[in-house]
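S.K.: If you scroll down you'll find the structure; I have some questions about it.
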Amino acid sequence: MEKKKGFYWSDEREPHFKRRKEILAKHPEVKELYGIDKGLKFKILGLVIFQLVSAPFVAELAWYWYLPIAYIFGASVSHTIFLAIHELSHDLAFKKKVLNNWLALFANIPIVVPYAISFKTYHLKHHWEQGDEHNDTDLPTQAEAKIFKGILGKILWATNQILFYAFRPMFVHPIKLEKWHIYNIIFQLVAIGIYWYFVGTGAILYLLLSIFLAGSLHPLAAHFIAEHYVFEEGQETYSYYGWLNVFALNVGYHNEHHDFPNIPGTRLPKLKKTAPSFYDNLFVHKSWVNVLVQFVTNPKIGLSSRIKRNNSI
């Protein structure tokens, strides 16, 4: 591994393919963890209803109630919905892919902007082409790394990281819209149009603020940085086993997730217990809040602290 233009470059394949084969060879019983999370659809139903019903009421509150509620509740619920859509991108709620897609469209409603299906497209590329600077749009661009340096630069980037994750893919790797992308756009426009008609602009603005805060300087948003930014040289993916996983649908078990994306979050702790020798020796994050602090204040960690590889590997 070498550094080039600030980024780490690897000549090896992403680590999860090899580890997955080794785990299955030693622990074939891991296959019993494959399948769907039968409770996921009910969690999504509750989260979506809570966010849509609460929005018009919170919108009427004074700012000193409005802002804390938006940060503590609105942003947290929005982020859990993000991660529910992440689970659906791996078809982990239903056996039939089409049902997962329809549920993703429903989960997308309180996010306001139609993104669930395009997220699925890009996220699967992130898994199978991890570190590929042309296809893995989870990687910051050279421009981002050059512009957002130092404490103030990194604070500015982290505050607005939801915007970078939203717009970066369109510039780095634009995709052709297919039927489910179109369905997502039409469904979202109709759903938000109806919701807006009945609850008004204030509720829409609250939902938009919630999703912005959900991807800003928020403890749950720290997982975006924690997952693949190099905090320990030589390691590409990082897990977190703390209590915030309750609200993050166990996305903190990120090495485990990349090794077996067809295992739902509810069973990733079981995967770790089944194959401890493959995970116990890896560097792990003990706090997502500390990840944000370290990212901002540590001069050795920045937007170029990512591992890239040539797409021909």
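The values are calculated or read from the model by the stated rules, or taken from the named source; none is laboratory data. Just so it is clear, the structure is predicted and the values come from calculations on it, not from any experiment. Every residue, glycine as well, gets a Cβ built from its backbone with ideal geometry; the counts of neighbours run over all protein chains shown.
S.K.: Among the residues of segment 223-249, write down those that are in a helix (DSSP H, G or I) and within 27 Å of residue 12 (Cα to Cα).
M.R.: 223, 224, 225, 226, listed by residue number.
S.K.: Any idea how many residues of segment 257-289 are acidic (Asp, Glu) and surrounded by 15 or more Cβ atoms within 10 Å (Cβ to Cβ)?
M.R.: Of the residues in segment 257-289, 1 are acidic (Asp, Glu) and surrounded by 15 or more Cβ atoms within 10 Å (Cβ to Cβ).
S.K.: Would segment 216-234 turn up any residue that is on the phi > 0 side of the Ramachandran plot, in contact with a helix residue (DSSP H, G or I) (Cβ under 9 Å, 6 or more places away or on another chain) and free of Cβ contacts under 8 Å to residues at least 40 places away in the same chain?
M.R.: Looking for residues that are on the phi > 0 side of the Ramachandran plot, in contact with a helix residue (DSSP H, G or I) (Cβ under 9 Å, 6 or more places away or on another chain) and free of Cβ contacts under 8 Å to residues at least 40 places away in the same chain, one finds none in segment 216-234, hence no.
Let's see how each residue does on (1) touching a Gly at 6+ places or on another chain (Cβ under 9 Å); (2) modelled with pLDDT of 95 or more:
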| site | (1), (2) |
| --- | --- |
| 210 | yes, yes |
| 225 | no, yes |
| 234 | no, no |
| 244 | yes, yes |
| 255 | no, yes |
| 288 | yes, yes |
| 301 | no, yes |
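S.K.: Looking at the structure I just gave you, is residue 211 within 30 Å of residue 307 (Cβ to Cβ), within 20 Å of the chain's Cα centre (by Cα), surrounded by fewer than 20 Cβ atoms within 10 Å (Cβ to Cβ) and β-branched (Val, Ile, Thr)?
M.R.: For residue 211, the condition - within 30 Å of residue 307 (Cβ to Cβ), within 20 Å of the chain's Cα centre (by Cα), surrounded by fewer than 20 Cβ atoms within 10 Å (Cβ to Cβ) and β-branched (Val, Ile, Thr) - is not met.
S.K.: A further question follows. What are the residues in segment 107-156 that are among the hydrophobic types (A, V, I, L, M, F, W, C), over 21 Å from residue 235 (Cβ atoms) and within 18 Å of the chain's Cα centre (by Cα), if any?
M.R.: If the condition is that a residue be among the hydrophobic types (A, V, I, L, M, F, W, C), over 21 Å from residue 235 (Cβ atoms) and within 18 Å of the chain's Cα centre (by Cα), then 107, 109, 111, 112, 113, 116, 117, 119, 124 are the ones that fit.
S.K.: Which ones in segment 278-293 are among the hydrophobic types (A, V, I, L, M, F, W, C), farther than 19 Å from residue 127 by Cβ and in a loop (DSSP other than H, G, I, E, B)?
M.R.: Across segment 278-293, the qualifying residue is only 283.
S.K.: Do we have residue 252 as touching a residue at least 12 places away in the same chain (Cβ under 8 Å), touching a helix residue (DSSP H, G or I) at 6+ places or on another chain (Cβ under 8 Å) and among the small types (Gly, Ala, Ser) here?
M.R.: yes
S.K.: Right, next: I'd like to check something: does segment 38-45 contain any residue that is of a type in the set (Lys, Arg), assigned to a loop (DSSP other than H, G, I, E, B) and without any contact (Cβ under 8 Å) to a residue 60 or more places away in the chain?
M.R.: yes
S.K.: Out of segment 46-72, which residues are in contact (Cβ under 8 Å) with a residue 24 or more places away in the chain and in a helix (DSSP H, G or I)?
M.R.: 47, 48, 50, 51, 52, 55, 56, 58, 66, 70, 71
S.K.: Turning to a different aspect of this structure: Output the residues belonging to segment 73-132 that are outside any helix (DSSP H, G or I), β-branched (Val, Ile, Thr) and either at positive phi or crowded, with 20+ Cβ neighbours inside 10 Å (or both).
M.R.: If the condition is that a residue be outside any helix (DSSP H, G or I), β-branched (Val, Ile, Thr) and either at positive phi or crowded, with 20+ Cβ neighbours inside 10 Å (or both), then 112 is the only one that fits.
S.K.: Tell me, which residue of segment 262-296 that is polar (S, T, N, Q) and under 23 Å from the mean Cα position of the chain (by Cα) is farthest from residue 10 (Cα to Cα)?
M.R.: 266
S.K.: Pairs, please: C-beta under 7 Å, at least 6 apart or cross-chain, first residue under 14 Å from residue 210 (Cα atoms) and in segment 157-173, second surrounded by fewer than 19 Cβ atoms within 10 Å (Cβ to Cβ) and among the aliphatic types (A, V, I, L, M)?
M.R.: As it stands, the answer is 159/217, since those pairs meet every condition given.
S.K.: Counting only residues that are assigned to a helix (DSSP H, G or I) and of a type in the set (Gly, Ala, Ser), which one in segment 250-277 is farthest from residue 92 (Cα to Cα)?
M.R.: By that ranking, first place goes to 277.
S.K.: Next question. Exactly one condition in (1) in contact (Cβ under 8 Å) with a residue 24 or more places away in the chain; (2) of a type outside the set (Asp, Glu); (3) under 24 Å from residue 75 (Cβ atoms) is false for residue 139; which is it?
M.R.: (3)
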